[in-house]
Each structure stands twice: as C-alpha cells, then as structure tokens.
Amino acid sequence: MELVKNFLNTFVSFLIRRLSFFLVDLYIAVKRIYGTDKALNIFIPVMDFIGKKRAPIMARLGKVKLQDMSSLGKIQDMEDMIFGVFGTWEKAEKDEAIKVEMFCPFAQKLKGHSEFCHVLVKRFEESTFRSLNPSYSLEIKGKLLSEHNGTGCIFIHKLK
C-alpha cells in the first residue's frame, strides 16, 4: 500500500509540475501575441481560481494551523517540493515568515518575463493564503531569479 501511495504522490507531483511548465509557456505565448497587460489580465483570474481551490487541500495535507504563519509556511514548502524550487526559511514566527528561494526551475524560461513572478506568482500565493486567513499579506523582494542576474526571491509572509 505504501508503494502505491508513494507512486501516486510522485505521479501527481510530476503532472502538476508539467502543467505548471505548460502554464508558463502559455503565458509567454499569450504575452507575445497580446502584450503584457492583456496576458496578465487573462492569467490573474486563473491564478486566483487555482490558489483558492488548492488552499483547503494543502492546508489539510500539511495539518496547517491557520493563525500561525510559520505553520502556514508548510504550504509553500509543499509547493516548492512539487515544483522543484529550493529555498530556506530565514524567519518562521507566528506573525511573519520569510523564505529565500535560491533555485527555481522556471527562472531561466521566465527571463524577460519577471512580471509572471511579481504579479502572477504573488497573486497565486495571496489567493491561497487569504482563503485560509484573510489577514494574510505577501511582499516579494530581492533580485528575482527570473530577472537578469537574479540572486534569489524573498517571500515575506505576514499575518496582521
């Protein structure tokens, strides 16, 4: 039974990662055809929808405490594992958690398209976490990995 569970987890993670690469490719294609503003207007509702729908599932899987940002951070850890992103928590407290991501498999493909991270990834995270705790806020800082000579993405998660 454990072997089947591990296989299913690996398979689902693989499908989600492939779907994510497809979404990035689709965004870039739409942007090239219609421009940045139109592409963002098309994809923002998509990211909101996915973020809101995945929130309760990920919270349940991670056994997350909704009033504790260090616990809510487990959701970012789960998604990073699925997407192949590597980072470390520099701060993990009840009201604030800061994660610095140093590797992202999407970064190279998104060079010249960093608004995908600044706007769409941010919106994806906000939709997920605000569904679970309306007092959530997010700031993304740093020279993003998707930018020229980017060094790391700093996610500052806060509960008010």
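All of the numbers you see were taken from the coordinates with simple rules; none came from a lab. As the structure is a computational prediction, the values presented were derived from the model and not from experiment. We place every Cβ from the backbone using ideal geometry, glycine too, and count neighbours over all the protein chains shown.
Observations on the structure shown:
- Magnitude of the charge dipole for the chain, about its Cα centre and with charges confined to Cβ atoms of Lys, Arg (+1) and Asp, Glu (-1), is about 320 debye.
- Taking every alpha-carbon pair under 8 Å whose residues sit at least 6 apart, the chain reaches a relative contact order of 23 percent.
- Relative contact order of the stretch 1-82, pairs being alpha-carbon contacts under 8 Å that are 6 or more residues apart, as %: 25 percent
- By definition, a body whose alpha carbon gyration tensor gives a ≥ b ≥ c is oblate when a/c is 1.5 or more and a/b is not larger than b/c, and the stretch 7-73 fits this oblate description.
- Helix runs (DSSP H) in the chain reaching 18 Å along axis by Cα, Kyte-Doolittle at least 0.0: 2-34, 36-62, 69-83
- Whole-percent P(r), the chain, all Cα pairs, 10 Å bins from 0: 10, 38, 37, 13, 1.
- For the stretch 2-159, with +1 on Lys and Arg beta carbons and -1 on Asp and Glu, the positive-most of Met81, Thr10, Leu145 along the dipole: Thr10
- Helical contribution to [θ] at 222 nm, DSSP H n ≥ 4, -39,500 (n - 2.57), averaged over the chain, rounded to 500: -18500 deg cm²/dmol
- Cut-off 12 Å between beta-carbons: net charge of the residues surrounding Ser146, Lys and Arg +1, Asp and Glu -1: 0
- Highest mean packing comes first when the peptides 46-54, 116-124 are listed by Cβ atoms within 10 Å, giving 116-124, 46-54.
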